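Please treat every number below as a calculation from the coordinates, not as lab data. Everything numeric in this text was worked out from a predicted model, so none of it was measured. Cβ atoms come from the backbone with ideal geometry, glycine included; neighbour counts cover every protein chain shown.
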Amino acid sequence: MGAHRGAPGRGIGTRVKAVTSTARAAHSDTGEAAIEAPASTATDTAAGAPSRPARLAARVRPYAPDALVILVFLALAGYVTHGLWPDPASRVMGLNPEDQVLYEWFLAADTKFLFGDLSLLTDRLNAPEGVNLLANTTVIALGTLFTPVTLIFGVPVTFALIAGGNLAGTAVAWYFLYTRVLGARRFAAAVGGGLCGFGPGIISQNNSHLHMTAQWLVPVMVWLVVRMARAADPDDVASRRKVITSGLWLAVTVAVQVFIGEEVLFLTAFTLAIMAIAYAVTRRKWARRVAPGFLRGLGVTAATAAVLLVYPLWFQFAGPQSVPNGVFSPHYFSADLASWTAISPLSIAGSDASKKLSTGAAEYNTFLGWPLLLVAVVYLIWQIRRPVVIACAVAGVLMAWLSLGPDLVLNGKRHDIHGPYSVLVGLPIVDGALPMRFALALLPLVATVLVLAIDKAVRDSSWTIRLVVPGAILAALLPIFPAPLPTAERPALPQFISGGHWRECVQPGGVLVPVPLPTPPQPWAMRWAAAADAEFGMPEGFFIGPYGSRGKASMGTFKRPTSRLLEQVAKDGGVPAIGPDQLREAKEDVTFWGASCVVLVDAPHRDDLRATLNALYGPGTQVADAWIWKV
């Protein structure tokens with residue numbers, strides 16, 4: 001991007017005509033504003049100088065188009081997620097409700113950080129061993145930021161706001177990167193920002209994967225890298241300070257992104273590294289000139305980030321309940337080659353027939369559709385002499401290739417053709433990123449090519465080019481325009497929870513045992529704790545922990561004997577024989593969990609479960625709509 005040095009304000013606003021000789025505010029490359037004009041006096045007014053409201057309007061007017069673009073993106077985010085409104089507590093993402101339960105629990109648990117509980121090992125799930133928050137896809141920074149919303153309005157409202165806000169925020173951030181850094185016209189930037197924030201992959205991930213859709217810091221990181229490269233020119237002594245400040249701010253941004261979504265950070269760093277190498281090859285003289293300063297800036301970033309993240313990363317990879325590997329198989333989560341030309345089922349022109357080309361509704365990452373791919377290739381060739389376009393092309397091809405995973409899959413059939421990802425299998429950190437998610441990098445890469453194409457076209461003297469190029473791009477984007485995400489009715493919370501009756505059963509900070517206990521396929525009882533702002537803990541649950549073979553990663557944990565017994569009753573019904581062994585195990589299990597009480601609300605075969613619990617723990621007590629056994 002170093003070839004496009006448009007001033008930060010280029011393309012921003014109309015030219016405000018001066019009606020007096022007062023100075024007009026302007027922005028230098030360092031962002032410092034010029035000296036403002038003095039306040040008007042009675043003499044000025046008498047002489048016909050503009051009033052204060054008129055001067056204010058003149059200053060605001062250039063930014064009105066930016067505000068309009070932001071409003072459009074907010075409206076589009078509301079349209080996509082409108083199924084959760086107006087009452088998020090009664091609605092749930094219909095295609096991935098299990099993960100929504102998980103993220104709502106994360107958001108509830110994250111409220112503890114705002115009140116000084118900075119522990120990265122929570123005891124509110126998988127009691128008594130707990131859960132390593134950084135070994136899971138937590139969104140600690142978002143949960144902490146939205147704590148007031150969670151405590152006042154409830155965690156479903158927080159989830160809905162973040163789900164929509166991530167889409168709009170990502171689009172807005174890329175829009176400003178394209179206008180301020182790339183110097184693109186607003187229309188071109190709006191098209192590119194819209195693709196980055198509302199493309200098929202990110203819409204698909206918005207089915208409860210908050211850590212993947214929170215990409216609004218990615219353009220900030222790109223801007224800081226570009227700023228560092230531009231300032232690293234040894235001929236510009238005055239800008240050397242920018243190299244240091246860019247490195248420092250990049251380290252801070254990276255640290256924040258770690259507490260939002262590390263997978264996005266990994267994909268961003270991987271893509272930027274490829275682009276930087278490709279860009280440097282195309283501009284070798286420039287690269288040799290700026291390399292020393294740029295590397296110094298990266299050194300500042302690495303050193304600062306190491307200081308900020310040394311403990312969190314140690315805790316994630318070597319702390320309690322850490323895991324040594326990724327929990328998902330790269331062979332299963334590999335993109336189907338045929339999916340690249342397919343239209344996502346979540347787009348207005350999509351169909352259910354293409355669902356078979358992915359592992360699920362939350363992973364339509366490669367579904368760009370043949371019209372967009374065709375247009376992108378045509379305009380890439382049209383601009384192939386531009387270094388930034390070459391860098392986007394190289395990074396795009398490699399990231400798309402990596403998304404295919406270790407072995408080629410075509411129309412659901414696996415072939416004995418190995419891809420470059422096969423050499424990455426098993427590598428620490430890398431195996432935590434699913435292969436098919438490498439395709440998410442294609443959205444901003446393709447968007448950048450399209451932004452440059454539109455911007456080049458609208459500056460052309462030929463009306464044909466000025467109409468055909470944007471028209472073709474908009475026509476290619478139309479089939480993948482997002483449809484509203486499907487939602488479903490959310491079961492009402494038990495009155496035992498919503499009415500605060502749980503406090504009669506367990507003190508805040510204690511352990512409550514729901515029946516049946518939550519598991520990765522059936523995490524519904526975790527909604528109880530989320531609704532209570534994680535004030536109480538519970539055994540087992542939906543999380544990533546070290547319970548696989550030889551301490552490797554697993555989803556959830558081992559079931560205790562009593563948990564297994566109750567799960568069987570909930571599944572098949574009937575009251576099992578309860579003898580001395582079962583009574584002993586029931587006592588040992590509640591002691592191991594550190595539980596205060598066992599709770600049965602509405603569950604399959606409820607009467608059989610109640611009879612079983614009576615046999616294990618004695619007669620229960622009814623509180624609101626629940627039966628409880630204080631143990």
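Worth pointing out:
- Projected area, mean over directions - segment 401-502, Cα convex hull, nm²: 13.9 nm²
- Antiparallel beta bridges, as assigned by DSSP with both residues in segment 495-630, represent about 60 percent of the total such bridges.
- Sorted peptide list for 366-376, 529-539, criterion being average Cβ within 10 angstrom, highest first: 529-539, 366-376
- Here the simple spin-label model places points 7 Å from the Cα toward Cβ, and for residue 401 and residue 353 these points are separated by 3.2 nm.
- Summed side-chain charge close to residue 389 - residues other than residue 389 whose Cβ falls under 14 Å, Lys, Arg +1, Asp, Glu -1: +3
- Angstrom value of the Kirkwood radius, inverse mean 1/r, which spans all Cα pairs in segment 495-630: 15.2 Å
- Cut-off 10 Å between beta-carbons: net charge of the residues surrounding residue 432, Lys and Arg +1, Asp and Glu -1: -3
- Here the chain yields Rg over Rh of 1.03, to two decimals, using C-alpha coordinates and the Kirkwood radius.
- From phi via Karplus (6.51, -1.76, 1.60), per-residue ³J(HN,Hα) for segment 340-346 in Hz, x at Gly/Pro: 5, 8, 7, 9, 4, x, 8
- Sorted fewest first by neighbouring Cβ atoms within 10 angstrom, 285, 456 come out as 285, 456.
- Between residue 98 and residue 558, the C-beta separation translates, for a Förster distance of 22 Å, into a calculated FRET efficiency of about 0.65.
- Extension gain, residue 303 back to residue 51 (0.36 nm per residue minus Cα-Cα distance, nm): 85.5 nm
- Ordering of 549-557, 135-143, 70-78, 459-467 by burial proxy (mean other Cβ atoms within 10 Å per residue, highest first): 135-143, 70-78, 549-557, 459-467
- Left without a cysteine partner by the 4.7 Å Cβ rule in the chain: 196, 392.
- Simple rule: put +1 on each Lys or Arg Cβ and -1 on each Asp or Glu Cβ in the chain, find the dipole, and look at 372, 306, 158; the Cα lying farthest toward the positive end is 372.
- Surrounding net charge for residue 254, when Lys and Arg each add one and Asp and Glu each subtract one, Cβ distance under 14 Å: -2
- Taking label positions 7 Å along the Cα-Cβ direction at both residue 60 and residue 474, the computed distance is 2.9 nm, reported to one decimal.
- Protection proxy ranking of 172-179, 87-94, 582-589, by the mean of other Cβ atoms within 10 Å over each peptide's residues and highest first, is 172-179, 87-94, 582-589.
- If both residues of a DSSP beta bridge must be in the chain, then about 75% of such bridges are antiparallel.
- 222 nm mean residue ellipticity, helices alone, for the chain (DSSP H n ≥ 4; -39,500 (n - 2.57); rounded to 500): -15500 deg cm²/dmol
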